[in-house]
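The values are calculated or read from the model by the stated rules, or taken from the named source; none is laboratory data. Since the model is a prediction, treat every value here as computed from it, not as a measurement. Every residue, glycine among them, receives a Cβ derived from its backbone with ideal geometry; neighbour counts consider all protein chains shown. For accessibility, only protein heavy atoms count, side chains too; no ligands or nucleic acids. Shrake-Rupley method; radii C 1.70, N 1.55, O 1.52, S 1.80 Å.
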Amino acid sequence: MIESFLSSWDLFQNAYLVGWLIAVVLSLVGVLVVARDQIFIGAAVSQASTLGIALAMWVASWAVAESSGWLRSDIFLAGMAVIFSVLAALLTARGGAAGKESHEAITGWVYLVSASLSILVVSHSPHGLEEVHRLLSSS
């Protein structure tokens, strides 16, 4: 097994090095997250990302197709997801001081608000209604 690893080093050198770097960084981040009692940060950030995508799709549905085609692009959706994820991470990083909400409570609120708003935005988007009508008419 070690021989096959070493023989493939020339081909996969960058992938192996990046994999080891990611393993070290994620293990350190994991220890930090557990030490700060923020074990649900991944769920909160992913829900904030979903909210960013839902808002981007809602904005794109109201845009005129000819003048702003970039609003319907995957780059815009991904950008909004990243922006909302970073905002959620920054919001959950604050707090935890004496007399304030704990990190875990703020993380819970970010998760709850992001999940609720993303469902509300998608339920009021024109694409969501088209899908509902299509499903109801086919049954």
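Could you please put Tyr16, Tyr111 in sequence from largest to smallest accessible area, using a 1.4 Å probe? Walk me through the numbers on the way to the answer.
On the way: Tyr16 55, Tyr111 100 Å².
Correct descending sequence by accessible area is Tyr111, Tyr16.
Applying a 10 Å radius around every beta-carbon, put 26-36, 44-54 in order of their mean neighbour count, most first.
Details: 26-36: 11.2, 44-54: 22.5.
Going by the mean number of other Cβ atoms within 10 Å, highest first, we get 44-54, 26-36.
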